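**Q** Mind having a look at this structure? Questions to follow.
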Amino acid sequence: LLTTSRLGFRGTEDLGGGMSAIFQLEGALNVDNGTANGFRFDRVSIVGLQAGFGTVKLGRHDTSFDDIRDITVSSALWDSEFSPTKIAYANGGAAIGGVAVGHAADYSSRADNQIRYESPNFGGFTAGVSYGLDEQAAPIKRDVTAFNLRYRAGGLDAGPGYQEQDNEVAASKREYTTLAAAYNFGAFRVSGGYNMAEQGAIESDGFVIGANMPMGPWDFSVAYAYNKSENAGVDSAKSKGLSLGATYSMSKRTRLYAAYLTGDAENGAGTEIAERRLYAVGVRHDF
């Protein structure tokens, strides 16, 4: 999986008795122009404890729901701009070039001021819960609550997830449910998921599926996503995205990559209102 450029630090300290203290800081960098846009550790900024009871993290982190949504695109090569879900699920409530499409706005993948718990592994099963505390003055309420249940054994990784984002404006309150699965067959890997979202009178649902096939130093990927929405029971939008990509491993830490993304969105009458095409080539280095 390819991501945007990041810089981070993490560590652990043994506290004895099977307990450890942990920390993690991570932020995004713009390698193409050498800037960081006022660099902050806004991707992850946590401290916590881990022991036999599981792991507790405090601070800014991915929500428990995001763990499951990540499974849906784990074989789609990209989790950022080239992910087909960027078009199909109208990230931020607007799809392409700022054109409002009519889907429920996509979920918030991270929450500030969050308490997150990750359970131990019970025969392949784990569970997680996260709660981002509301920091607004009363009567405003804008907290984020998420749950997941996950099963990992052999090549299988699957589970359901749920997230609720409260808002004092009823039409802006959002609820998300997803069911995701991925399987590694050895010769190739597949992933996919079914997603539902509700925001006021808007109901959106769709799916994403992807596959990776390694061939020596090469890894080829294809992914497709589709989403449709209704507003008060009337069709309001449809959108889809297709991504193709390949990487070539020059070493354990350095890969060449190339990718292509295409997609479009239609209104309730079936008229195309937006489209997007992206191309990319580059070098990925992990350190």
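The values are calculated or read from the model by the stated rules, or taken from the named source; none is laboratory data. Small disclaimer: the values here were computed from a predicted structure and weren't measured. Counting neighbours? That spans all protein chains shown, and the Cβs are built from the backbone with ideal geometry, glycine included. When the accessible area is computed, the model is the full protein with side chains, heavy atoms only, and any ligands, DNA or RNA have been set aside. Shrake-Rupley method; radii C 1.70, N 1.55, O 1.52, S 1.80 Å.
**Q** Keeping all protein chains in place, calculate the accessible area per residue for the stretch 157-236 (probe 1.4 angstrom), answer in Å².
**A** Numbers: 3970 Å² over 80 residues.
Normalised by residue count, the accessible surface of the stretch 157-236 is 50 Å².
**Q** Please state the relative contact order of the chain as a whole percent: Cα pairs under 8 Å, 6+ residues apart? Walk me through the intermediate numbers first.
**A** Details: 825 pairs, mean separation 42.1, N = 287.
Contact order relative to length: 15 percent.
**Q** Please report the net charge: other residues with Cβ closer than 15 Å to the Cβ of Val47, K and R +1, D and E -1.
**A** Working: positive: Arg10, Lys57, Arg60, Arg116; negative: Glu13, Glu26, Asp112, Glu118.
Net charge around Val47: 0.
**Q** Roll a 1.4 Å probe over the protein chains and send me the accessible area per residue for the stretch 2-66 in Å². Please list the in-between numbers first.
**A** Working: 3680 Å² over 65 residues.
The answer is 57 Å² per residue.
**Q** Further question on the same structure: Just to verify a number: what accessible area does Arg284 come out at with the full protein assembly present, 1.4 Å probe, Å² rounded to tens?
**A** Here the accessible area works out near 50 Å².
**Q** Can I ask one more? Beyond 31 Å, what share of the Cα-Cα pairs of the chain is found? Please give it as a whole percent.
**A** Working: 13131 of 41041 pairs.
Percentage above 31 Å: 32.
**Q** So, one more: Along its three principal axes, how long is the stretch 177-286 when you only count alpha carbons? Whole Å, largest extent first please.
**A** Sorted from largest, the Cα extents of the stretch 177-286 read 53, 28, 22 Å.
**Q** Continuing with the same structure: Accessible area of the chain with a 1.4 Å probe: how many percent of it is carbon plus sulfur? Don't skip to the end; give the middle numbers.
**A** Values: 8340 of 14660 Å².
In the chain, the share of accessible area belonging to carbon and sulfur is 57 percent.
**Q** Taking only protein heavy atoms into account and a 1.4 Å probe, give the accessible area per residue of the stretch 247-287 in Å². Intermediate results must be reported in sequence, preceding the final value.
**A** On the way: 2680 Å² over 41 residues.
It amounts to 65 Å² per residue over the stretch 247-287.
**Q** Let me ask something else. How do Glu203, Glu175 rank by accessible surface area computed with a 1.4 Å probe, from largest to smallest?
**A** Working: Glu203 100, Glu175 65 Å².
The residues order as Glu203, Glu175, largest area first.
**Q** Follow-up question, since we're still on this one. Report the calculated FRET efficiency for Tyr260 and Leu7 (r = Cβ-Cβ distance, R0 = 30 Å), to the nearest 0.05.
**A** Values: r = 28 Å, r/R0 = 0.93.
E between Tyr260 and Leu7, to the nearest 0.05, is 0.60.
**Q** Would you list Ser119, Ser74 from the most to the least accessible area, probe 1.4 Å?
**A** Working: Ser119 25, Ser74 50 Å².
So, going from the largest accessible area down, we get Ser74, Ser119.
**Q** Still on this structure: Expressed as a whole number of Å, what is the distance separating the alpha-carbon centroids of the stretch 191-205 and the stretch 10-76?
**A** One Cα centre to the other: 26 Å.
**Q** Per-residue accessible area for Met215 at 1.4 Å probe radius, Å² rounded to 10?
**A** Accessible surface of Met215 is approximately 110 Å².
**Q** Heavy atoms only, 1.4 Å probe, whole protein assembly: order Thr63, Thr262, Thr35 by accessible area, highest first.
**A** Working: Thr63 0, Thr262 30, Thr35 60 Å².
Ranking Thr63, Thr262, Thr35 by accessible area, largest first, yields Thr35, Thr262, Thr63.
**Q** Right, something else. Once the whole set of protein chains is in place, how much accessible area is left on Phe188, using a 1.4 Å probe, in Å² to the nearest 10?
**A** 80 Å²
**Q** For the chain, modelled as a GNM with alpha-carbon contacts under 10 angstrom, which of Asp32, Asp112, Asp157 fluctuates the most?
**A** Result: Asp32 has the largest fluctuation of those listed.
**Q** Expressed in nm², what is the orientationally averaged projection area of the convex hull enclosing the Cα positions of the stretch 122-193? Let's see the in-between values first.
**A** Values: hull surface 24.6 nm².
Its average projected convex-hull area is 6.1 nm².
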